[in-house]
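Working notes, structure below.
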Amino acid sequence: MGGFADSHLGRLRALVGSRLLLVPGARIVIEDPGSGRILLQRRGDFGVWGLPGGNAEEGEGLEAVVVREVREETGLEVGDVRPFGFACDPAHETIAFPNGDRCQFFVLMFWTRTFSGSPLADGDESRALGWFPPGALPEMLPNMARSVEAWRRFVACGAFQMI
């Protein structure tokens, strides 16, 4: 796949500049079934940790988005991805990027314990990858930290999380 300029969002940015865009996407909590730790990525844009995920391309469903984004950002192949919540609160899902671009995200959140391969950062979107205990997370993007907390509530009670 090409770079950002070739993506749906990149082509939109060429037309509208940095103005606020409403963007559908997906992110995922990948849990190591042996240790209970979760995989995080040190992001290339903000330099802090977050969950793997990204934005939908034309003609792509959100389950396909999360599988593709995990492959691109971590080198892992995920399976048995299950939705646990939806993140759409504009107070938390409206992000201003370092380059001035602004997005309000509408994100289906998934989780899985099924994956194959070895994690390998792509060096662009993911500068580093690491496994962390859910109760001892590094500095994260606030909306991503909220997603991990929603996942923890989901695991505890089984109720779909709207955040």
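The values are calculated or read from the model by the stated rules, or taken from the named source; none is laboratory data. Predicted model, so just to flag it, every value in this text is computed and none were measured. Here the Cβ is made from the backbone with ideal geometry for all residues, glycine too, and neighbour counts use every protein chain on show.
Observations on the model:
- Matching residues, segment 82-120, being of a type in the set (Ser, Thr, Tyr) and over 19 Å from residue 131 (Cα atoms): 94
- When the residues of segment 84-112 are filtered to those that are within 16 Å of residue 155 (Cα to Cα) and out of contact with any helix residue (DSSP H, G or I) (no Cβ under 8 Å at 6 or more places or on another chain), the one that is surrounded by the fewest Cβ atoms within 10 Å (Cβ to Cβ) is 86.
- Unique residue being part of a helix (DSSP H, G or I) and either of a type outside the set (Asp, Glu) or touching a helix residue (DSSP H, G or I) at 6+ places or on another chain (Cβ under 9 Å) (or both) when the list is 39, 15: 15
- Within segment 127-156, residues that are touching a residue at least 12 places away in the same chain (Cβ under 8 Å) and at negative phi reach partners that are acidic (Asp, Glu) and in a helix (DSSP H, G or I) with beta carbons closer than 7 Å, at six or more positions or on different chains, in the pairs 143/93.
- Within segment 113-162, being buried (at least 20 other Cβ atoms within 10 Å of the Cβ), over 25 Å from residue 3 (Cα atoms) and hydroxyl-bearing (Ser, Thr, Tyr) holds for one residue alone: 147.
- Filtered residues of segment 121-137 (kept if at pLDDT 95 or above and of a type in the set (A, V, I, L, M)): 128, 129, 136, 137
- Residue 85 under 17 Å from residue 50 (Cβ atoms) and either part of a strand (DSSP E or B) or without any contact (Cβ under 8 Å) to a residue 40 or more places away in the chain (or both): yes
- Given (1) under 24 Å from residue 151 (Cα atoms); (2) of a type in the set (Phe, Trp, Tyr); (3) out of contact with any strand residue (DSSP E or B) (no Cβ under 9 Å at 6 or more places or on another chain), number of the condition residue 4 does not satisfy: (1)
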